[in-house]
Amino acid sequence: MINANDLRRGKVFQLDSAPCIVIDVSFQSPTARGGNTLVKTKYRNLITGQVLNSSFKSGDRMDEADFVRRKGQFLYASGDQGVFMDQENYEQYELSGDLYDEIKGYLLEGGEVTLGVFNDQVVTLEVPQVIELSVTETAPAIKNATATAQTKEAILETGISIQVPGYLESGEKIKVDTRECRFVSRA
């Protein structure tokens, strides 16, 4: 059992027999004496994908979901789906839809992923927070770009487009923050 006070971003719990992952949580202290602290939670139902908001009292308890995170590997893309392998048992999963579409711009063949498994079914798919990608296309380097904070658009090897500093050139490897889709540094 999980106490409502223990809910944090990324924590998985079970509500109405469905696994849910916490997206955001805030604690509201009572204004009257003897009142319970409210735990306001925004979470995603991992089966339906629906995002919901609920308030729990600080003493409320919910079941722990039979949810495990496993190391995985992106093998290849096939049409509008990706094929992933669980590195513990070498089982392969073909995933498509929102689960795959949200992260496909950060995937290279052989790339590391985290598979979230519930009842032998992959329900979440995560890439590392920072990954290295090559710049395939960008405008020529801007003179004095290091002196000013000028940015320009760059297309990366996976096809995604991000803003990068003006001094970068095609062919350079960079680190990209996958949560915010932004340039972090040179690799």
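Where a number appears in this text, it was derived from the coordinates with a stated rule and is not lab data. The model shown is predicted, which means the values in this text are computed figures rather than measured ones. Counting neighbours? That spans all protein chains shown, and the Cβs are built from the backbone with ideal geometry, glycine included.
Computed quantities for the displayed model
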{"item": "Entry for log10 I(q)/I(0) by the Debye sum over Cα atoms at q = 0.10, 0.14 Å⁻¹ (calculated from the structure that is shown) out of (1) -0.56, -0.88; (2) -0.50, -0.85; (3) -0.41, -0.78", "result": "(1)"}
{"item": "Radius of gyration and Dmax over the Cα atoms of the range 1-99, both given in Å", "result": "17.5, 60"}
{"item": "Long pairs among Lys11/Lys175; Lys42/Lys104; Lys143/Lys175; Lys11/Lys40, criterion Cα-Cα beyond 19 Å", "result": "Lys11/Lys175; Lys42/Lys104; Lys143/Lys175"}
{"item": "R0 of 35 Å, Cβ-Cβ distance Asn89-Thr151: FRET efficiency to nearest 0.05", "result": "0.20"}
{"item": "Cα-centred dipole magnitude for the chain, charges only on beta-carbon of K, R (+1) and D, E (-1), debye, nearest 20", "result": "1080"}
{"item": "Chain lengthening between Asp98 and Gln163 when straightened (0.36 nm per residue, less Cα-Cα)", "result": "21.0 nm"}
{"item": "Virtual spin-label span in nm between Gln81 and Leu108, 7 Å along Cα→Cβ", "result": "2.6"}
{"item": "Positive minus negative residues near Glu88 (Lys, Arg vs Asp, Glu; Cβ under 14 Å)", "result": "-1"}
